[in-house]
Each structure stands twice: as C-alpha cells, then as structure tokens.
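Visitor: Dropping a structure here in structure tokens format, bear with me for questions.
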Amino acid sequence: MKIRTANPNDLDDLYEFYAEVIDQQPFDEYGAGWTKDVYPSMEDLKRHIEEDIFYLGLIDEKIVCAIAVCLKEDEAYKAGDWKLKLADDQIAVLHLFGVAPEYRGRGLSLKMLNFIKEDLRSKVKAIHLDVVKGNKRAFKMYEKAGFEHIGELSVYYEDTGDIIVDLFEYDYKK
C-alpha cells in the first residue's frame, strides 16, 4: 500500500470511498454511524484536505483507506481524562478512519497508523482518537498500535447524536 496526503484533485474519489464505507455499515458489527452527505459531507472532506492532513492509502491508485488528522485538540475531547496535559496545538486528533470493505483484515489500518505516528512525530506530542463503545476489533487494533485506552466519554456528533466512545491516547514520550 502506498500512503500519501490528499490534495483537492482527490475530492471526488475520496467522497466515493466514504460512500462505499457508509453503504457497508449496515453489515458491519460496529460501524462509525456516518451518514452520507451529513458526515462526512463533501464540504467536510474539502475542509479536511485544505485545513488538516488527509492521508490516503492506495493500492493500484485506488483509495483503500483514508484518515483525516487535525493538528489541534477536538473541543469534544477536552472533557476527557487524558493522562497528558498538553496545549491544544501539541495534540493531533484522528478522524474519519475508514478501510474499504474488500480490503479489511489485511493489516492496512496498522500500517496506516504506524506511518501517521512517524509522520507526526515532529509536529505533536500526542495523538487522540475515539472508538464507538463496544467496537472490540478497533479497540484491540489501537492498543496493538501503541495507543493507551484512557476512558469513556459521551460526545455529540451531528450524524449520530450523543454516543459513548472509548478514548485513546498515543504518547510520543513512551
């Protein structure tokens, strides 16, 4: 898998990638609860490409996984009981981590996370993310990637409403 950052020319392909992931959600044990044209909307994807870092995993130039990385703490996460007490700009937050249904179970998520951790090493001191409560597969994968489970938090997302999530933190000092 080749990994690179997205650019504005990737917007349509990225939208189609997330549409495919969303269409698969009813068949997944734990989907993210994303809703087509609500989150992620075309505007969300465009904003992440322009303002944040959007990583794409490609096989034969087809997007097979993608993740948006914001280089500042998420407002919804500030209520979390994080081990590291850092300024907002010392934290990266992972959003919209998806893998195309036909490419799941091949270790691409772990490969993408390891790439991102290395790429962000000089930019931040920690990485934060959340996982829908009960998603044991994602929980184990993040722990395998070196993230520590911090606790639970109730967050509100426009596409899912209030939801309980597990919070994870990656500490570069470890």
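The values are calculated or read from the model by the stated rules, or taken from the named source; none is laboratory data. Just so it is clear, the model here is predicted, and its values are computed rather than measured. In this analysis, Cβ positions are derived from the backbone assuming ideal geometry, glycine residues included, and neighbour counts consider all displayed protein chains.
Visitor: Is at least one residue of the range 2-11 crowded, with 16+ Cβ neighbours inside 10 Å, more than 20 Å from residue 138 (Cα to Cα), in contact with a His (Cβ under 9 Å, 6 or more places away or on another chain) and touching a residue at least 60 places away in the same chain (Cβ under 8 Å)?
Guide: Among the residues of the range 2-11, at least one is crowded, with 16+ Cβ neighbours inside 10 Å, more than 20 Å from residue 138 (Cα to Cα), in contact with a His (Cβ under 9 Å, 6 or more places away or on another chain) and touching a residue at least 60 places away in the same chain (Cβ under 8 Å), which makes the answer yes.
Visitor: Could I ask something else about it? Have a look at 123, 111, 72 and point out the one that is in a helix (DSSP H, G or I), modelled with pLDDT of 95 or more and basic (Lys, Arg). Break it down into steps so the answer makes sense when it comes.
Guide: On the way: 123 fails: in a helix (DSSP H, G or I); 72 fails: in a helix (DSSP H, G or I).
Just one listed residue meets the conditions, 111.
Visitor: Then there is this: Quick one: count up the residues across the range 33-52 that are surrounded by 13 or more Cβ atoms within 10 Å (Cβ to Cβ) and either part of a helix (DSSP H, G or I) or touching a residue at least 60 places away in the same chain (Cβ under 8 Å) (or both).
Guide: Just the residues of the range 33-52 that are surrounded by 13 or more Cβ atoms within 10 Å (Cβ to Cβ), to begin with: 33-42, 44-49, 52.
With the extra rule that they be either part of a helix (DSSP H, G or I) or touching a residue at least 60 places away in the same chain (Cβ under 8 Å) (or both), the set shrinks to 33-35, 38-39, 42, 44-49.
Adding up the residues that qualify gives 12.
Visitor: Another question, if that's okay. Among what's in the range 69-103 and is touching a helix residue (DSSP H, G or I) at 6+ places or on another chain (Cβ under 9 Å) and basic (Lys, Arg), pick the residue that is surrounded by the most Cβ atoms within 10 Å (Cβ to Cβ).
Guide: 72
Visitor: Does residue 55 meet the test of being of a type in the set (Phe, Trp, Tyr), out of contact with any Pro (no Cβ under 9 Å at 6 or more places or on another chain) and either farther than 21 Å from residue 128 by Cβ or surrounded by 15 or more Cβ atoms within 10 Å (Cβ to Cβ) (or both)?
Guide: Working: of a type in the set (Phe, Trp, Tyr): yes; out of contact with any Pro (no Cβ under 9 Å at 6 or more places or on another chain): yes; either farther than 21 Å from residue 128 by Cβ or surrounded by 15 or more Cβ atoms within 10 Å (Cβ to Cβ) (or both): yes.
Here the answer is yes, as residue 55 does meet what is asked.
Visitor: Considering only residues that are of a type in the set (D, E, K, R) and in a loop (DSSP other than H, G, I, E, B), look in the range 14-30 and name the one that is surrounded by the most Cβ atoms within 10 Å (Cβ to Cβ). Can you show your working first?
Guide: The initial filter retains those residues of the range 14-30 that are of a type in the set (D, E, K, R), namely 16, 20, 23, 28-29.
With the extra rule that they be in a loop (DSSP other than H, G, I, E, B), the set shrinks to 28-29.
Values: 28: 13, 29: 8.
By that ranking, first place goes to 28.
Visitor: Against the definition (touching a Leu at 6+ places or on another chain (Cβ under 9 Å) and assigned to a loop (DSSP other than H, G, I, E, B)), how does residue 105 come out, yes or no? Step through it out loud before you land on a result.
Guide: Details: touching a Leu at 6+ places or on another chain (Cβ under 9 Å): no; assigned to a loop (DSSP other than H, G, I, E, B): yes.
Answer is no for this residue.
Visitor: Which of the numbered conditions does residue 154 fail, given that it passes all the others? Conditions: (1) of a type outside the set (Asp, Glu); (2) in contact with an Asp or Glu (Cβ under 8 Å, 6 or more places away or on another chain); (3) crowded, with 16+ Cβ neighbours inside 10 Å; (4) at pLDDT below 95.
Guide: For residue 154, the exception is condition (3).
Visitor: Also, I was wondering about something else. Can you tell me which residue among 31, 80 is closer than 19 Å to residue 15 by Cβ, modelled with pLDDT under 95 and of a type in the set (Gly, Ala, Ser)?
Guide: Values: 80 fails: closer than 19 Å to residue 15 by Cβ.
Matching residue, one of 31, 80: 31.
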